[in-house]
Amino acid sequence: LAYAFAQSLADGIFFAAETLAAGGNASEAARLYDTVCAVEALPVHLRAGALRGAILSRGPAGGGHVLILEALQEEDPDFLAVALRAAQEMEGKRKTAVKVAALLSGLSPERKVPVIQLLGELGKKKAGPALLKEAESGPAPVRVAALEAATRLGYAPVLPLVTSLITSEEETLAAAARKSLAYFPGEKGDDALRDLLKSNDARVRCIAVELVGTGALPTPVDLLMAMANEDAEASVRLAALKGAKEYAGAPQMPAFLEHLRAARSPEEGVAAEEGLIRICERARTAPETTVVITKAVYGDLPDGPQADVTERVRQLLGAGVFSVDANNANFGDAAPGAVKQLRVEYTDGGVPASQTVQEGQTLNIAAARVPAAVVSPLIDALAASEGETRLALIRVLTTTGDQKAFETILALTKTEDATLAEAAARAACDWPAYTALPTLLGWVESAPDDALRARALRGAVRLLVPGQDAPETVCQHFAWLLTKAASPNEKKLVLSGLSGIGHAAALNLVLDQIPDEAVKAEAVQAAITIAGQLGASPEDVVALERAKTLVPEINTDNK
């Protein structure tokens, strides 16, 4: 039969069959579908479609199961796919599951995998015994599929097998068993995992702890901390501590501090330090603020198309969002084709202030902070510690960005202990909060050694980002840093920071460096980047015209 004719013929018969079925004449519809399915000269996809219709029109009461079972044993993959689909579509899933499960043992390993997956999809525990049998022995892919399906059904009798396989030498089986145990639904799965935590085999306990650490039990932190404190095996304690850090909060801080202070291995000390850092990260909250937004606009500033977004910024601030991304997703596209700016005017404690950032940058109204209830115990622990513990606590405190913590660490830069002083200086240079900038600028001016001066320069450039201060002030700092750059590489570092400042003053600064052949390439690239962020203000236009004369690659015609 010609393909087009066959397709048209089948479509007509299918339409007639669907009409009959809709009118309540399912048996006649099934006969039409059977007719198409029996014509071997027709393309296989048409015959497979007819098979689906024959199954569904018969339903569970009219022999639909018989056709499914026959198709599941067919060699043709199209018929197999139709049977798998129809088995899920047909009513009477419990009966379907029972009949398909009875067929399972006689199938080839290759055919068993999709049929086992079907049983998992059907969701009926009557298939559980057949799945358990397949999971007990045979090729690994079949056993893995059976474990996954039995887990999906929540078939509890499979749990003893699952727990025995978590230490299997066959990697795929062990991984499947661990996944099954981690995701087994209901209390029985949780109980099985808790039993493994009491095993006499340290390897089993370690695996169980790792599963708990990945979320296999609800509210696991107390259980993990108990294992970290009490287990006799070092590997189990370490796994528990690593797992607990993903859930720990302020209540667990004393325990993590104790593990850091009295670490029984270097690895335990590292895990305790990482846990304290995670506690600080989770504790970080938006501060109470006296900021009041008076006006906010977004668009082609100052004179181009723009939108009043005052209420939107107020909403964000009210929701505790203190870092606002200047983009169309937040404020809409008020000036298509133009590089937009966000300008926010506000009062902070009654003092007027304003900030302007380019599209794609972030405006920081107030930074989230780690509460004093978390920072103060760390500062106290730092004062009472020594050696590696003290160095670790410096690293933890650095992540907080807290002002009191900064002052504490800054004082340590003057200690006679050279190792401690260097660690404190390094922490100050890595400080994430803008309040460290004056100190870093002071070190750039008069550091006691070149290494500290270079590190302070890098730290200052890192902190000088849009939104931390008025763009003019940021550019003034960069201009000063350029005068202090002691090598072409240091100038290139400053230029890289300037490239992120979308302001006319920043563009003029990098243009001033173009005559310097040692950094000309970097200055040109920075100029191109900044030029793409400028708008149509008088200052921007003047700077762009100057840029065009020095950097032909910059096209100001579209500005």
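Entry remark, the stretch 494-515: residues being within 18 Å of LEU463 (Cβ to Cβ) and either among the hydroxyl-bearing types (Ser, Thr, Tyr) or surrounded by 20 or more Cβ atoms within 10 Å (Cβ to Cβ) (or both) number 11 in total. Residues of the stretch 148-206 that are open to solvent by 30 Å² or more (accessible area, probe 1.4 Å), of a type in the set (Val, Ile, Thr) and within 21 Å of PRO114 (Cα to Cα): THR172 alone.
Exactly one residue out of GLU70, GLU74, GLU40 is open to solvent by 70 Å² or more (accessible area, probe 1.4 Å), part of a loop (DSSP other than H, G, I, E, B), under 30 Å from PRO129 (Cβ atoms) and of a type outside the set (Gly, Ala, Ser), and it is GLU74. Just to be sure, is GLU311 more than 30 Å from PHE256 (Cα to Cα), charged (D, E, K, R), open to solvent by 20 Å² or more (accessible area, probe 1.4 Å) and part of a helix (DSSP H, G or I)? When the stated conditions are applied, GLU311 passes them. With respect to the stated conditions, ILE554 fails to be at pLDDT 90 or above and aliphatic (A, V, I, L, M).
On the given criteria, is VAL113 over 19 Å from ALA87 (Cα atoms), assigned to a helix (DSSP H, G or I) and not acidic (Asp, Glu)? Here the answer is no, as VAL113 does not meet what is asked.
Each row is one residue, and each column tells you yes or no for (1) surrounded by fewer than 19 Cβ atoms within 10 Å (Cβ to Cβ); (2) of a type in the set (Phe, Trp, Tyr); (3) under 15 Å from CYS280 (Cβ atoms); (4) in contact (Cβ under 8 Å) with a residue 24 or more places away in the chain.
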position: ILE394; (1), (2), (3), (4): no, no, yes, yes
position: ALA423; (1), (2), (3), (4): no, no, no, yes
position: ASP430; (1), (2), (3), (4): yes, no, yes, yes
position: PRO438; (1), (2), (3), (4): yes, no, no, no
position: GLU445; (1), (2), (3), (4): yes, no, no, yes
position: PRO448; (1), (2), (3), (4): yes, no, no, no
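With respect to (1) assigned to a helix (DSSP H, G or I); (2) open to solvent by 70 Å² or more (accessible area, probe 1.4 Å); (3) among the acidic types (Asp, Glu), the lone exception for GLU91 is condition (1).
Filtered by the rule that a residue be modelled with pLDDT of 95 or more and touching a Gly at 6+ places or on another chain (Cβ under 6 Å), the stretch 422-457 gives CYS429, LEU440. Of the candidates ALA485, ALA504, ALA536, the single residue that is among the aliphatic types (A, V, I, L, M) and at pLDDT below 90 is ALA536.
Considering the conditions (1) among the β-branched types (Val, Ile, Thr); (2) part of a helix (DSSP H, G or I); (3) open to solvent by less than 30 Å² (accessible area, probe 1.4 Å), THR483 is excluded by exactly one of them, (3). Set side by side, the residues GLU545, GLU522 differ, and just one is more than 30 Å from GLN306 (Cβ to Cβ), of a type outside the set (Phe, Trp, Tyr), without any contact (Cβ under 8 Å) to a residue 40 or more places away in the chain and assigned to a helix (DSSP H, G or I), which is GLU522. Just so you know, in the stretch 43-61 the residues that are more than 19 Å from PRO77 (Cα to Cα) and surrounded by fewer than 17 Cβ atoms within 10 Å (Cβ to Cβ) include one that is modelled with the lowest pLDDT, and it is ALA61. Residue check: ALA531 meets all listed conditions (1) touching a residue at least 12 places away in the same chain (Cβ under 8 Å); (2) over 39 Å from the mean Cα position of the chain (by Cα); (3) over 30 Å from ALA451 (Cα atoms) but one, namely (2). Can you find a residue that is of a type in the set (Val, Ile, Thr) and touching a Gly at 6+ places or on another chain (Cβ under 6 Å) anywhere in the stretch 71-94? Scanning the stretch 71-94, I find no residue that is of a type in the set (Val, Ile, Thr) and touching a Gly at 6+ places or on another chain (Cβ under 6 Å), so the answer is no.
Of all the criteria given as (1) closer than 30 Å to THR419 by Cβ; (2) open to solvent by 60 Å² or more (accessible area, probe 1.4 Å); (3) touching a Lys or Arg at 6+ places or on another chain (Cβ under 7 Å), the one not satisfied by ASP380 is (3).
Within the option set VAL344, VAL339, VAL321, being modelled with pLDDT under 95, part of a strand (DSSP E or B) and either within 22 Å of the chain's Cα centre (by Cα) or over 30 Å from ARG390 (Cβ atoms) (or both) holds for one residue only, VAL344.
Taking every residue in the stretch 197-210 that is assigned to a loop (DSSP other than H, G, I, E, B) and pairing it with any residue that is aliphatic (A, V, I, L, M), at least 6 positions away or on another chain, the pairs with Cβ-Cβ distances below 6 Å are LEU197/ALA208. Within the stretch 215-253, the residues that satisfy the criterion of being open to solvent by 20 Å² or more (accessible area, probe 1.4 Å) and either closer than 24 Å to LYS188 by Cβ or in contact with a Phe, Trp or Tyr (Cβ under 6 Å, 6 or more places away or on another chain) (or both) are GLY215, PRO218, THR219, VAL221, ASP222, LEU223, ALA226, MET227, TYR247. So which residues in the stretch 396-421 are buried (at least 22 other Cβ atoms within 10 Å of the Cβ) and not small (Gly, Ala, Ser)? Within the stretch 396-421, VAL396, LEU397, THR398, THR400, ASP402, ILE409 meet the criteria.
Among the residues of the stretch 262-308, those that are closer than 30 Å to GLY350 by Cβ, of a type in the set (Val, Ile, Thr) and either open to solvent by 10 Å² or more (accessible area, probe 1.4 Å) or in contact with an Asp or Glu (Cβ under 6 Å, 6 or more places away or on another chain) (or both) comprise THR285, THR289, THR290, VAL291, VAL292, THR294, VAL297.
The values are calculated or read from the model by the stated rules, or taken from the named source; none is laboratory data. Nothing here was measured: the structure is a model prediction, and the numbers come from that model. We place every Cβ from the backbone using ideal geometry, glycine too, and count neighbours over all the protein chains shown. Quick note on the areas: whole protein, heavy atoms, side chains included, nothing else; ligands and nucleic acids left out. Shrake-Rupley method; radii C 1.70, N 1.55, O 1.52, S 1.80 Å.
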